[in-house]
Amino acid sequence: MAKKDPQNQSDPIIISSDAHHVSTEDISELALKVIKRLREAEFDAYLVGGGVRDLLLGKKPKDFDVRGHHKDADDEAAVHGVVRDGMIVRDNVYGTMCEDAWRRDFTVNALYFCPQKNTLLDYTGGFSDLQSRILRMIGDPEQRYMEDPVRMLRAARFAAKLDFTLHPETEAPLTKLATRLNAVPPARLFEEVLKLFLSGHAEKTFEFLLRYQLFEPLFPYTYPFLQDPSSVAYQLVLKGLRNTDARVAAGKPVTPAFLFAVMLWPAMQDFAAKHQHKGMNEMHAYQVSATEIFTLQAGAVSVPKRFSIQAKEIWLLQPKLTHRIRKRVFPLLENPRFRAAYDFMLLRAEAGESDLQALCEWWTAIQEQPKPVQLAMVQELQPHHGRKRRPRKPRHRKTSTH
């Protein structure tokens, strides 16, 4: 369905209550209070954006956008507020509701709901797209992607989150314009990466990003290792994201540190192998490579130091878990990063890294045993790691000649 130009569509389609199932009972009390106050101040007040979209899809919104336009003011006077987590954030906006609608990104995010009349206002055809489960960019997609390349990531994220099909015109420019993400500030892309992968739809989002070549600008040093879906690197990322989705669904915490540890492990491991080939010992190779990969990654997505440090700690515990030195076992179990490092090793084994299954079983078992059994298990290990040192030859003192 062709969309009208916003200048020629000042009047919205009004969708009555018998055509939708949104009820004020599904709207937060705080959002309704904000609307009531705006009404008392002579504003026409509406809910708009993702909150309305989610209500129409039978989902529980995390926040509500509230827009008010003063009845007696000219078309330039309006207020816009966001009700989120019990807080109200308000700022001034300008323009008519029609102009506000056409400034938004996708048609399904540009629907307005009036709680008093229980009606929807649709300026862009979003209600029809929502019913057809189509994600359509408002305006000319190529132009809007060029204006802000992050919109391409939003397209992938919403398509995955909502399980919608990208409209052909919305989909067509993605691959061609993917490299424009290289011009986005790395700090901004960090926030976008968290939205992409820590919101509960990471696995499907990952598939969208690969399909439209949007992954490589975000993780340029990981991408070369993901060409074969059966490879250990690909499976590590896929299973890591799948586990993240499961944790989000179960209400468990997820951390950017673990996400970046998973995403950058294939490149870090490759760097470390090259250093070891040149004669560097394993731990030193890990330390150097961890610093190298985060330094390089900062050119694409800038990871705050507090998260990169945690990811490095997860990596640097991997050799210690692998070698199981007798005197290190109990300090490792008490290490604050042990649980994350242990989970990471389980993930590596699940992805197909060789010779890790027995080690995972041992570390799982020792956590479940009482202290006497733990001590017995530890005593069975070798006391040291690496080659045994040759005994020194006895040193003979030179006899004094005077």
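The values are calculated or read from the model by the stated rules, or taken from the named source; none is laboratory data. Keep in mind that this is a model prediction, so the values were computed, not measured. Here Cβ is always computed from backbone atoms with ideal geometry, including for glycine, and neighbour counts include all displayed protein chains.
Here are the numbers for the structure shown:
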read-out: Residue match in segment 225-236 (condition: in contact with a Leu (Cβ under 6 Å, 6 or more places away or on another chain), hydroxyl-bearing (S, T, Y) and either buried (at least 19 other Cβ atoms within 10 Å of the Cβ) or within 16 Å of E203 (Cα to Cα) (or both)); value: yes
read-out: Residues satisfying the stated conditions in segment 50-64, i.e. over 15 Å from T119 (Cα atoms) and surrounded by fewer than 23 Cβ atoms within 10 Å (Cβ to Cβ); value: G50, D54, L57, G58, K59, K60, P61, K62, D63
read-out: Neighbours by Cβ (under 8 Å, 6+ apart or cross-chain): first from segment 241-259, among the charged types (D, E, K, R); second part of a helix (DSSP H, G or I); value: R242/A202; R242/E203; D245/A202; D245/E203
read-out: Failed criterion for I314 (all others in (1) farther than 18 Å from Y342 by Cα; (2) of a type in the set (V, I, T); (3) buried (at least 21 other Cβ atoms within 10 Å of the Cβ) hold); value: (1)
read-out: Only listed residue being in contact (Cβ under 8 Å) with a residue 60 or more places away in the chain and in contact with a strand residue (DSSP E or B) (Cβ under 8 Å, 6 or more places away or on another chain), chosen from L214, L189, L162; value: L162
read-out: When residues of segment 260-276 are limited to those that are in contact (Cβ under 8 Å) with a residue 24 or more places away in the chain and hydrophobic (A, V, I, L, M, F, W, C), the one surrounded by the fewest Cβ atoms within 10 Å (Cβ to Cβ); value: A267
read-out: Residues that are in a helix (DSSP H, G or I) and surrounded by fewer than 22 Cβ atoms within 10 Å (Cβ to Cβ), drawn from segment 35-49; value: K36, R37, L38, R39, E40
read-out: Subset of segment 303-324 (residues that are farther than 15 Å from M263 by Cβ and in a helix (DSSP H, G or I)); value: K305, R306, I309, E313, L316, Q318, P319, K320, L321, T322, H323
read-out: Looking only at segment 325-340, and only at residues there that are assigned to a helix (DSSP H, G or I) and more than 22 Å from P383 (Cβ to Cβ), the one that is nearest to the chain's Cα centre (by Cα); value: A340
read-out: Enumeration of residues in segment 227-243 that are within 20 Å of Y212 (Cβ to Cβ), outside any helix (DSSP H, G or I) and not charged (D, E, K, R); value: Q227, P229
read-out: Residue count for segment 351-402, restricted to those that are at pLDDT 75 or above, assigned to a loop (DSSP other than H, G, I, E, B) and under 21 Å from T322 (Cβ atoms); value: 10
read-out: Yes/no for A300 being crowded, with 16+ Cβ neighbours inside 10 Å, of a type outside the set (D, E, K, R) and either assigned to a loop (DSSP other than H, G, I, E, B) or touching a Lys or Arg at 6+ places or on another chain (Cβ under 7 Å) (or both); value: yes
